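Below: the structure, in structure tokens.
The values are calculated or read from the model by the stated rules, or taken from the named source; none is laboratory data. Values in this document were obtained by computation on a predicted structure and should not be read as measured data. All Cβ positions, even for glycine, are placed from backbone atoms using ideal geometry, and neighbour counts span all protein chains on display.
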Amino acid sequence: MTVLEKISRRDFLKATGVSSSGLLIGAALPTTLRADVLQRPSGDALNLFVSLREDGTVEIIAHRSEMGTGIRTSLPQVVADEMEADWDRVTVIQGLASADYGSQNTDGSRSVRNFYTVMRQMGAAARSMLESSAAQRWDVPVSECRASNHRVVHSDGRSIGFGELATSAAEQPLPALDSLPLKSAADFRYIGKDVPSVDLADMTTGATTYGVDVALPGMLYASIERRPVMGTSIESFSADAAKKVRGVVAVEVIKGTDPNGFKPIEGVAVIADKTWSAIKGRQALAATWTDSAHNSHSADVYLDELMDAVSSKPGVVARERGDVDAALAAGKRVSASYRTPYLAHASMEPPMATAYVTEQGCEVWACTQTPQATQQTVAEVLGLAPEKVTVNVTLLGGGFGRKSKPDFSAEAALLSRAVGKPVQVVWTREDDIRHDYFHSCCAQHYEASIDESGAVTGWLARQATPPIDTTWDASADLMSDGSLSQTFGSIPFAIPNLRLEGHRAPAHARIGWLRSVYNIPFGFGVGSFVDELAHAADKDPAAFWIELIGEDRLLDFAPEGFEFSNYGKPLSEYPYDTARFKGVIRELTETIPWGESLPAGQGWGIAAARSFLSYVAVACKVSVEGDQLKVLEMHSVIDAGLVVNPDRVHAQMEGAMIFGLSLALMGEITFEGGEPQQSNFHDYPVARINQVPRVIRNTITASDAPPAGVGEPGVPPVAPAIANAVFAATGKRHRTLPLNKAYRV
Amino acid sequence: MKITVNGKQRTVDVEPDTPLLWVLRDELAMRGTKFGCGAGLCGACTVHMDGKAMRACVLPVSAVGDAEIRTIEGLSEDGSHPLQQAWADHNVPQCGYCQSGQIMSAAALLAVNAMPSDEEIDTAMAGNICRCGTYPRIRAAIRQAAEAEQS
């Protein structure tokens, strides 16, 4: 528990006023950023996450990034509950980048699961200090004092408000976190309740501050023309033409590196007094670029090659048990190959960052999922010590993994240094889609054998996927066990013989994480193939899933040579529990009229996956009339262990189903000549309201297991559930995404 | 150049082809109207021009003329518009970025169609993308606001 140790040590420093990492350079306050987004607790801090003002206001730090999950509400509501604070008197303050908080990487669906206990301890520590301080004031044993709803109450009935205790409570020694008593679940005031988002009122009135909304006095705006193909460099451009545009003040080159990791890719920046001037100036650059080894990359041709490899040649073995070749030779053989494209993130707010470099250092304001990586990367490109870089986290207009990469903040920092003024880098939608860290394309091939009883006796799977590791190591071309832990390698099926293999697939584009990552293609491959096997065995697909998973047990993949990453958690803490996997499938089929007879051209499909430690099953009902495919209903069940804010979990699942619908029906980035062929929502469509079913319903499995991930796990089963429903409706099996290749959607 | 925004006449010194979006944001510091695509494809920049929903990212400021522009900041004094209240009741926003535009499109719809059907809601709102997928709650909030206005 290194995080806890670190936090508890830092808390002590913070509470005693020894440590202060809050830093604001000069008077460069953004004009639109609310003050409470910037400040950190000062002398009235009870610990790193909680401070109490004399007027009774409790300030709770949100150290994670808000991109729509509701985390700025959920974690503070945990603190407030343990502290016995009145939620109406809580103000949430966005924390700066600081290692004090432990990891701030808001990705991997891990904010609640990694910080639920920490937040409870922070709240409990504050409560304990308030009780001790009241006991001192009344000169009574602390055991007679109890915090309750923003007051400390003595057993004789007298009470005192939190605010009156603010100063003396902050002087109390920090209690030992590990021995603090925590509330019992029956006493929870906010945990498990639908607390509305703290940003709700601002979001409905346009008063929020996202990355693009930061405005500093004297700030300039930059629009950057970037290389069109991986590996190319600037050959020529016309700075003079750009400077003829009204408002343009400078043209600056940003040098790139390969692989670029978290750093900027090569480009020419046009810097102007206003956003529109920068965009217009950029259009005048007429930049040309050198050749690159990736100039011939075609996604279609490349996927053809990968599909050929996985369907015809043995690969590198990642996991094996029994003798799959013998099993395949003996049983009824079923085989299928699946093909999934590159995808772009397309968050509604493109990447946006503002930086101001002065002699004292650099201050950044950005819609980032990773404030500390931003601090580190900006420090690296500027040649500064990380403590000279302050990173303010704005709200994020969506993230989905794109904003885990701090390249855009590094661009802003380099440009601010070049012109000596604050600079906001504005990514256009075209920049966002054409220069994304793309979700990887993927080829998969499956073979299985079925005996006379309909039982599966052998499972052979092969994949070829350009790995994310190429972001840092251009020579990486084979998926690691860690990456394969996302569904492909961690299938839970009780099949006596299996072998999982991988082929090499070098990258020809920047590859990144997209909401649920490799679980998207592998969820589609596994989720579709199970359905194919069910039909081959003439069994009900839902019952077949449960049968294939087999008896209740906790899985361990080590004996089969597979290093299962389990999303960074030990199996002792978060076991892979087949009973819970089957549980969500059963619960789902009880939620919907599974097995109902439908008119011709309609069908139900089901799929399930365990990802980010949660178990999710999704069922979709579709209709196919002529070439028109419509998704009529979507239903999900999630077992995410203990849930802090049910409404936000439902919201994440609704959103995940629609995100999955987008990629299943219409998501595709193609490359020709090394260049992405899509650039905006006209050629990279995402789901619109008229494409979304009227019925979208999520059920949360009641569970007291430790909290698991929520933001991502809803996505993986969606695409296979839709494709399986199309098969049920039409008898046509679709193994290539997106489905708009075959239907109007 | 003079334009009228939320009932106030404003003077701006910009090139005539500057999209209204950037005039609102960079010149008038009204940043509730968002940039999403720059091509009229996503609706994040939706404002009202004489009551009609318009995409400010593709509307040159020179085309505004004497028309009355209303932005999210001017929809109500205090967030009390029935749609804003319905949005809060349904806890609609996730990231929130598209919601100014969603609410402005919905307000323009209700202004001409007090009780829209589900089909009409879908049609009117199809120009506004929400990547977080808040569509089911947007539909529910619009229905609630319409019903609240009727009663």
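What to note about this one:
- Exactly one residue out of B:Pro19, B:Pro93, B:Pro82 is within 9 Å of another protein chain (Cβ to nearest Cβ), farther than 22 Å from A:Asn680 by Cα and at pLDDT 95 or above: that is B:Pro93.
- From A:Ile658, A:Ile689, A:Ile696, residue being within 10 Å of chain B (Cβ to nearest Cβ), closer than 27 Å to A:Ser197 by Cα, under 21 Å from the mean Cα position of the chain (by Cα) and surrounded by 20 or more Cβ atoms within 10 Å (Cβ to Cβ): A:Ile658
- Considering the conditions (1) within 29 Å of A:Ala293 (Cβ to Cβ); (2) touching a His at 6+ places or on another chain (Cβ under 8 Å), A:Ala461 is excluded by exactly one of them, (1).
- Checklist (1) in contact with a strand residue (DSSP E or B) (Cβ under 9 Å, 6 or more places away or on another chain); (2) in contact (Cβ under 8 Å) with a residue 24 or more places away in the chain; (3) more than 16 Å from A:Gly261 (Cα to Cα); (4) among the aliphatic types (A, V, I, L, M) applied to A:Ala410, failing item: (3)
- In the set (1) part of a loop (DSSP other than H, G, I, E, B); (2) free of Cβ contacts under 8 Å to residues at least 60 places away in the same chain; (3) not acidic (Asp, Glu), A:Ser483 fails one condition alone, (1).
- All conditions but one from (1) over 21 Å from A:Phe529 (Cα atoms); (2) surrounded by fewer than 23 Cβ atoms within 10 Å (Cβ to Cβ); (3) of a type outside the set (Ser, Thr, Tyr) apply to A:Lys732; the one that does not is (1).
- Consider region A:276-303 and keep the residues that are in a helix (DSSP H, G or I) and touching a Ser or Thr at 6+ places or on another chain (Cβ under 8 Å). The one that is farthest from A:Ile234 (Cα to Cα) is A:Asp300.
- Which listed residue, of A:Ser184, A:Ser179, A:Ser197, is within 26 Å of A:Gly70 (Cα to Cα), small (Gly, Ala, Ser), in the same structural domain as A:Arg89 (by TED's automatic domain parsing) and surrounded by fewer than 16 Cβ atoms within 10 Å (Cβ to Cβ): A:Ser184
- Neighbours by Cβ (under 6 Å, 6+ apart or cross-chain): first from region A:211-227, buried (at least 22 other Cβ atoms within 10 Å of the Cβ); second polar (S, T, N, Q) and assigned to a helix (DSSP H, G or I): A:Tyr221/A:Thr275
- Set side by side, the residues A:Pro707, A:Pro720 differ, and just one is over 19 Å from the mean Cα position of the chain (by Cα) and touching a residue at least 12 places away in the same chain (Cβ under 8 Å), which is A:Pro720.
- Pairs are defined by a Cβ separation below 8 Å, a sequence spacing of at least 6 or placement on different chains, a first member in region A:594-605 that is closer than 15 Å to A:Val631 by Cα, and a second member that is among the aliphatic types (A, V, I, L, M) and assigned to a loop (DSSP other than H, G, I, E, B); the pairs so defined are A:Trp604/A:Ile592; A:Trp604/A:Leu598.
- Residue identified as assigned by TED's automatic domain parsing to the domain that holds A:Gln602 and either part of a loop (DSSP other than H, G, I, E, B) or not small (Gly, Ala, Ser) (or both) among A:Ala725, A:Ala729, A:Ala702: A:Ala702
- Residue match in region A:200-219 (condition: more than 30 Å from B:Ile103 (Cβ to Cβ) and either within 11 Å of chain B (Cβ to nearest Cβ) or not polar (S, T, N, Q) (or both)): yes
- The residues listed here are B:Asp26, B:Asp50, B:Asp66; of these, the one that is of a type in the set (Asp, Glu) and in contact with a helix residue (DSSP H, G or I) (Cβ under 7 Å, 6 or more places away or on another chain) is B:Asp26.
Quick grid of which residues meet (1) under 18 Å from A:Gly331 (Cβ atoms); (2) at pLDDT below 95; (3) outside the structural domain of A:Phe612 (by TED's automatic domain parsing); (4) not hydroxyl-bearing (Ser, Thr, Tyr):
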residue	(1), (2), (3), (4)
A:Ser528	no, no, no, no
A:Ala534	yes, no, no, yes
A:Lys539	yes, no, no, yes
A:Phe562	no, no, no, yes
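- Strands (runs of 3 or more DSSP E) wholly inside region A:354-465 that include at least 1 residues being within 30 Å of A:Trp545 (Cα to Cα) and within 28 Å of the chain's Cα centre (by Cα): A:442-450, A:456-464
- Selection count, region A:297-314, where residues are in contact (Cβ under 8 Å) with a residue 12 or more places away in the chain, farther than 14 Å from A:Thr736 by Cβ and among the hydroxyl-bearing types (Ser, Thr, Tyr): 2
- Region A:622-643, subset under 18 Å from the mean Cα position of the chain (by Cα) and not in a strand (DSSP E or B), residue nearest to the other protein chains (Cβ to nearest Cβ): A:Val643
- Selection of region A:238-254 for residues being part of a loop (DSSP other than H, G, I, E, B) and in contact (Cβ under 8 Å) with a residue 40 or more places away in the chain yields A:Ser238, A:Lys244.
- Hits in region B:96-124 (condition: out of contact with any helix residue (DSSP H, G or I) (no Cβ under 8 Å at 6 or more places or on another chain) and at the interface with chain A (Cβ under 8 Å from one of its Cβ atoms)): B:Tyr97, B:Cys98
- Residue in region A:418-425 that is in contact with a helix residue (DSSP H, G or I) (Cβ under 7 Å, 6 or more places away or on another chain) and of a type in the set (Val, Ile, Thr) present: yes
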